[in-house]
1. Return yes when residue 28 is in contact with a His (Cβ under 9 Å, 6 or more places away or on another chain) and either modelled with pLDDT of 85 or more or within 21 Å of residue 110 (Cα to Cα) (or both) and no when it is not.
2. Limited to the range 9-61, what total is found for residues that are touching a helix residue (DSSP H, G or I) at 6+ places or on another chain (Cβ under 6 Å), farther than 24 Å from residue 134 by Cα and surrounded by 15 or more Cβ atoms within 10 Å (Cβ to Cβ)?
3. Out of curiosity, is residue 87 in contact with a Pro (Cβ under 8 Å, 6 or more places away or on another chain) and either at pLDDT 95 or above or surrounded by 16 or more Cβ atoms within 10 Å (Cβ to Cβ) (or both)?
4. Does the range 87-95 contain any residue that is out of contact with any Leu (no Cβ under 6 Å at 6 or more places or on another chain) and polar (S, T, N, Q)?
5. Within the range 120-127, can one find any residue that is in a loop (DSSP other than H, G, I, E, B) and out of contact with any Cys (no Cβ under 6 Å at 6 or more places or on another chain)?
6. Which one is surrounded by the most Cβ atoms within 10 Å (Cβ to Cβ), of the residues in the range 120-166 that are at pLDDT 85 or above and small (Gly, Ala, Ser)?
Amino acid sequence: MNAQYKAHVDRVLAQLQPQRLLCLGAPCHSLLGDYVENRTGGELTLLAGDASGETLDRIGRFDLIVVTATLEQRTKTAAEQLLARLRDRHGTRILAVVPLIQRPGHASRWEANELLAFGMTSLGVAHQSDGDYQVYLFDLFDYKTVPDWFNARFWAHPERWDKESW
């Protein structure tokens with residue numbers, strides 16, 4: 001495993017310190033092994049291949065979900081459904097790693113704007129010997145900035161009801 005690729009994941013793990021951690025994808029053990037060994041308590045669930053809805057419903061909700069070598073292995077529709085399900089029902093934070101180019105054997109290719117549409121933010125690009133990977137993070141608590149107009153100063157003031165014309 002490339003050190004730069006793992007550095008993104010290690011930085012997120014150190015910052016968030018998740019108690020319940022789910023990893024989807026084949027390289028999960030090598031990616032999260034150090035974190036699990038050095039951590040006392042908490043729960044790690046690894047799903048190498050089976051990420052069906054029934055399996056996910058059975059295992060519940062997690063503080064952080066790491067998705068690697070998974071999205072590109074599925075058709076675009078199936079991968080979007082999986083990512084939306086993970087975001088909406090199973091995790092407060094999702095760390096997704098996807099290749100920048102479509103390789104032989106991959107069912108789909110991901111563009112930056114597609115991951116941004118899921119509310120993810122880019123953490124950067126990891127360079128590996130087999131190509132470059134995008135690293136994205138979805139965080140339920142800060143995925144959207146609150147606009148200025150969305151505050152009590154502009155609405156829900158009974159004292160202004162007779163003064164404003166709506």
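The values are calculated or read from the model by the stated rules, or taken from the named source; none is laboratory data. Note that the structure is a prediction, hence the values are computed from the model and not measured. Positions of Cβ are generated from backbone atoms using ideal geometry, with glycine treated the same way; all protein chains shown enter the neighbour counts.
1. Here the answer is no, as residue 28 does not meet what is asked.
2. So the answer is 1.
3. Details: in contact with a Pro (Cβ under 8 Å, 6 or more places away or on another chain): no; either at pLDDT 95 or above or surrounded by 16 or more Cβ atoms within 10 Å (Cβ to Cβ) (or both): yes.
In short, no.
4. Going through the range 87-95, the residues out of contact with any Leu (no Cβ under 6 Å at 6 or more places or on another chain) turn out to be 87-89, 91.
Going one step further and asking which of them are polar (S, T, N, Q), we end up with none.
No: zero hits.
5. Residues of the range 120-127 in a loop (DSSP other than H, G, I, E, B): 120.
Right, trim to out of contact with any Cys (no Cβ under 6 Å at 6 or more places or on another chain) and you get 120.
Yes, some residue in the range 120-127 is in a loop (DSSP other than H, G, I, E, B) and out of contact with any Cys (no Cβ under 6 Å at 6 or more places or on another chain).
6. Among those that are at pLDDT 85 or above and small (Gly, Ala, Ser), it is 126.
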